[in-house]
1. Looking at the stretch 154-176, is at least one residue at pLDDT below 90, more than 30 Å from Leu69 (Cα to Cα), within 16 Å of the chain's Cα centre (by Cα) and not in a helix (DSSP H, G or I)?
2. Which residue out of Leu40, Leu63, Leu74 is of a type outside the set (S, T, N, Q) and assigned to a helix (DSSP H, G or I)?
3. Out of Gly99, Gly88, report the one residue that is touching a Ser or Thr at 6+ places or on another chain (Cβ under 7 Å), surrounded by 21 or more Cβ atoms within 10 Å (Cβ to Cβ), assigned to a helix (DSSP H, G or I) and of a type outside the set (Ser, Thr, Tyr).
4. If I ask for residues that are aliphatic (A, V, I, L, M) and in contact (Cβ under 8 Å) with a residue 40 or more places away in the chain, which ones from the stretch 1-13 would you list?
5. Let me spell it out: the conditions are (1) farther than 20 Å from Phe48 by Cβ; (2) touching a strand residue (DSSP E or B) at 6+ places or on another chain (Cβ under 7 Å), and Ile146 meets all of them except one. Which number is the exception?
6. State which residue is surrounded by the most Cβ atoms within 10 Å (Cβ to Cβ) when the search covers only the stretch 58-73 and only residues that are hydrophobic (A, V, I, L, M, F, W, C) and under 24 Å from the mean Cα position of the chain (by Cα).
7. Suppose the filter is in contact with a Lys or Arg (Cβ under 9 Å, 6 or more places away or on another chain), at pLDDT below 90, among the β-branched types (Val, Ile, Thr) and within 17 Å of Leu130 (Cβ to Cβ); does Thr71 pass it?
Amino acid sequence: MTGMGALLVIILALCGAGLFLPLALDERRTPALVAWLGALASAVLLCFSGASLFAGVAFHATLWRIPSLATLTLSLDRLSALFLFVSGLVLLPGSIFAGGGLDSYRQHYSLRGFSVPYFALFATLVLIPLSADAVSFLMLWELMSILIYLLVSYEHEVEEHTRSGYCWRSARRVRSS
């Protein structure tokens, strides 16, 4: 495995840790976990994309072949490296901010219900610009859409947020009025 491949594996392993550790740890530790793992994964993402963007290091990996459909591949060029670098710049303070703001939700919502889709979304945001074929791009794009919906609807007891992520209760109110 090349150095770039190892960096990508570290990013995805940190996202995987963010998916499963909140399920095993005490919920009070979830905000710190989101902040630390998200910031660390963002820093590694900045190194990964920066190596390609500024040093011209290429990355290409063939995942597996789906017969009569496509060969799923990941590839990093300068344009996708630029998107990943900007994503890393946004996700770094975003992870710290999200971790800091989760404490206020502990009494009303499950913090695991935020951290699991958050880290899954983080992984899809990394993998979408790396998709070098239409099948993996479309699958990851749909997964990203579902995860964004779940995160937008996370604070479902607040009326403004309920309308943002289409909710059954708000649809029922609209039909009855």
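1. Yes, the conditions are met somewhere in the stretch 154-176.
2. Working: Leu63 fails: assigned to a helix (DSSP H, G or I); Leu74 fails: assigned to a helix (DSSP H, G or I).
The conditions single out Leu40.
3. From the options Gly99, Gly88, the qualifying one is Gly88.
4. Met4, Leu7, Leu8, Ile11, Leu12 - these are the residues of the stretch 1-13 that are aliphatic (A, V, I, L, M) and in contact (Cβ under 8 Å) with a residue 40 or more places away in the chain.
5. Only one criterion in (1) farther than 20 Å from Phe48 by Cβ; (2) touching a strand residue (DSSP E or B) at 6+ places or on another chain (Cβ under 7 Å) is unmet by Ile146, namely (2).
6. Top of the filtered list is Phe59.
7. Values: in contact with a Lys or Arg (Cβ under 9 Å, 6 or more places away or on another chain): yes; at pLDDT below 90: yes; among the β-branched types (Val, Ile, Thr): yes; within 17 Å of Leu130 (Cβ to Cβ): yes.
Yes, satisfied.
Residue by residue, here is whether (1) in contact with a Phe, Trp or Tyr (Cβ under 7 Å, 6 or more places away or on another chain); (2) closer than 21 Å to Phe20 by Cα holds:
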| position | (1), (2) |
| --- | --- |
| Ala58 | no, no |
| Thr73 | no, no |
| Gly88 | no, no |
| Leu91 | yes, yes |
| Ser95 | no, yes |
| Gly99 | no, yes |
| Asp103 | no, yes |
| Phe122 | no, yes |
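The values are calculated or read from the model by the stated rules, or taken from the named source; none is laboratory data. Everything quoted here is computed from the prediction, not taken from an experiment. Cβ: placed from backbone, ideal geometry, glycine included. Neighbour counts: every protein chain shown.
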